[in-house]
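So the structure is just underneath, and the comments pick up after that.
The values are calculated or read from the model by the stated rules, or taken from the named source; none is laboratory data. Not measured: the values here are computed from a predicted model. Backbone-built Cβ (ideal geometry, glycine too); neighbour counts: all protein chains shown.
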Amino acid sequence: MKKHQVALLLVAVVAMLAAPCGVVLCADAGSSAETTTITSFTDYREQLSDNGEAMYDAMENLSASSITGTCFIVSVTLADPVLTVGDSKDSVTSYIYEELYRDACQAWNATKLDDPMAFWAWSYDYAAKAVTNVSFADPTTYSDTVCGVTSCQITIQVDSAYYGNGSTLAEKVAAVNNARSNLSISGNTVTELIKNINSYLCGSTTVYDPYLNTDNQSAYDSTVYGLLVNTVTYNNKDVHFGVCAGFAATYQLLCEMYEVQCKTVYGEGVQSTGMVMHAWNLNIIDGKVYATDATWNNTGGNSTNFLAVGANTVINGVTFQQSHSPWSPYLGDANMLTAFLIPATNDVAYGITGNGDDNALMAYMPWIIVGLIVLILAGVLYSMARKSH
């Protein structure tokens, strides 16, 4: 074979190898999940404004017995006075209300996500329906044109299912505490506990609400009360009903009972039937973040498909990060829910159920392909060289 033919062939080989190598290098460079070690999660509270944190703290100090009629009235001393400039009292008041209302909704969202026992957030899945009003005194004048407020009251609506039907909200909170104290999850390690918590939520006593979006839908299915206390007769058997928010909250509550680091995430879930609003959880195992979707484990026919998986774990033909998109506008909060930041999920599954090796293979697949290309081209070059003699 002539020298210029060899040179052209070598150029072709380099070009063929450049693309997959570039993909691999870029993937490695952009994959912080494989190199970042994390020991604990921070609360969503840490991502609120100063006034949002004050509102969050005031909500966390509520007592279940302090409900007034159908609402909680939360009094808040603002960390930062809300100041504004306006030509009229109406314009000033409107600006202050909008800012405080956004902070109140975000604080409500953060408490619901951080605290499965946030009973003031049990009634509804989104803040726009729960936070019905933010009131404050007439703005105080700080100068000729600048005025503002230093305190406010937030009204949080509670659904009648929680304060009526012969049971008070405080009794329902006590019932949840009693149920979790009587529940025993075995396990000596984080992975054993995660596996057994998931198994409990996928057991025969827990059912995804079959009456979702009907008149028979359980009023409690988005909360820990629905998954741990409330029972409904279904197929001649007493079971607990829940939807994704309830499964995720209960999973987090049980993790926290055993000091397992856990976060709840809201967003979109993509299935063959289309996109749905969804909730799932994150755990820390050996310094890495992994995702568990107890809802889809309960309903998907395989209770470990979505157990401690990674972003690139392939389930039913798609990766976890393709089927789970965090912080998409959640129901009625599209205009007020600021996306919270979450730590990156590890690229591959932990392998609690043996799926870690499969996903490790997928992670190294680009290198395997490069190696095969090199071997094939080496064979072609050798064959051409022999024929040229």
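Overview of values
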| read-out | value |
| --- | --- |
| Within the stretch 193-230, tally of residues that are within 22 Å of D115 (Cα to Cα) and free of Cβ contacts under 8 Å to residues at least 40 places away in the same chain | 6 |
| Number of the condition not met by K172 [criteria: (1) among the basic types (K, R); (2) under 30 Å from V92 (Cβ atoms); (3) not assigned by TED's automatic domain parsing to the domain that holds L100] | (2) |
| Failed criterion for V149 (all others in (1) assigned by TED's automatic domain parsing to the domain that holds E268; (2) more than 24 Å from T231 (Cα to Cα) hold) | (1) |
| Number of the condition not met by D125 [criteria: (1) over 25 Å from I342 (Cα atoms); (2) modelled with pLDDT under 95; (3) surrounded by 18 or more Cβ atoms within 10 Å (Cβ to Cβ); (4) touching a helix residue (DSSP H, G or I) at 6+ places or on another chain (Cβ under 9 Å)] | (1) |
| So S63, is it surrounded by fewer than 16 Cβ atoms within 10 Å (Cβ to Cβ), farther than 24 Å from Q252 by Cβ and not assigned by TED's automatic domain parsing to the domain that holds L341 | no |
| Number of the condition not met by G187 [criteria: (1) on the phi < 0 side of the Ramachandran plot; (2) part of a loop (DSSP other than H, G, I, E, B); (3) touching a Leu at 6+ places or on another chain (Cβ under 6 Å); (4) not aromatic (F, W, Y)] | (1) |
| Search result, residues across the stretch 231-284 that are part of a helix (DSSP H, G or I) and either without any contact (Cβ under 8 Å) to a residue 60 or more places away in the chain or not assigned by TED's automatic domain parsing to the domain that holds D209 (or both) | C244, G246, F247, A248, Y251 |
| The lone exception for Y95 - which of (1) part of a helix (DSSP H, G or I); (2) under 13 Å from C152 (Cα atoms) it fails | (2) |
| Any pair with Cβ under 7 angstrom, 6 or more apart, that starts in the stretch 34-58 at a residue that is hydroxyl-bearing (S, T, Y) and ends at one that is in a helix (DSSP H, G or I) | Y44/A110; Y44/L113; Y44/D114; S49/D103; Y56/R45; Y56/A107; Y56/A110; Y56/T111 |
| Residue count, the stretch 285-321 (criterion: surrounded by 24 or more Cβ atoms within 10 Å (Cβ to Cβ), in a loop (DSSP other than H, G, I, E, B) and of a type in the set (G, A, S)) | 2 |
| Residue, nearest to C262 (Cα to Cα), within the stretch 101-129, restricted to residues that are among the polar types (S, T, N, Q) and part of a helix (DSSP H, G or I) | T111 |
| Check on C105, out of contact with any helix residue (DSSP H, G or I) (no Cβ under 6 Å at 6 or more places or on another chain), of a type outside the set (A, V, I, L, M) and closer than 22 Å to D221 by Cα | no |
| Candidate set: the stretch 203-259, residues that are touching a strand residue (DSSP E or B) at 6+ places or on another chain (Cβ under 6 Å) and charged (D, E, K, R); chosen: the one surrounded by the most Cβ atoms within 10 Å (Cβ to Cβ) | D221 |
| Given (1) within 26 Å of the chain's Cα centre (by Cα); (2) free of Cβ contacts under 8 Å to residues at least 12 places away in the same chain, index of the condition N182 fails | (1) |
| Of all residues making up the stretch 255-274, the number that are within 16 Å of the chain's Cα centre (by Cα) and more than 15 Å from F41 (Cα to Cα) | 5 |
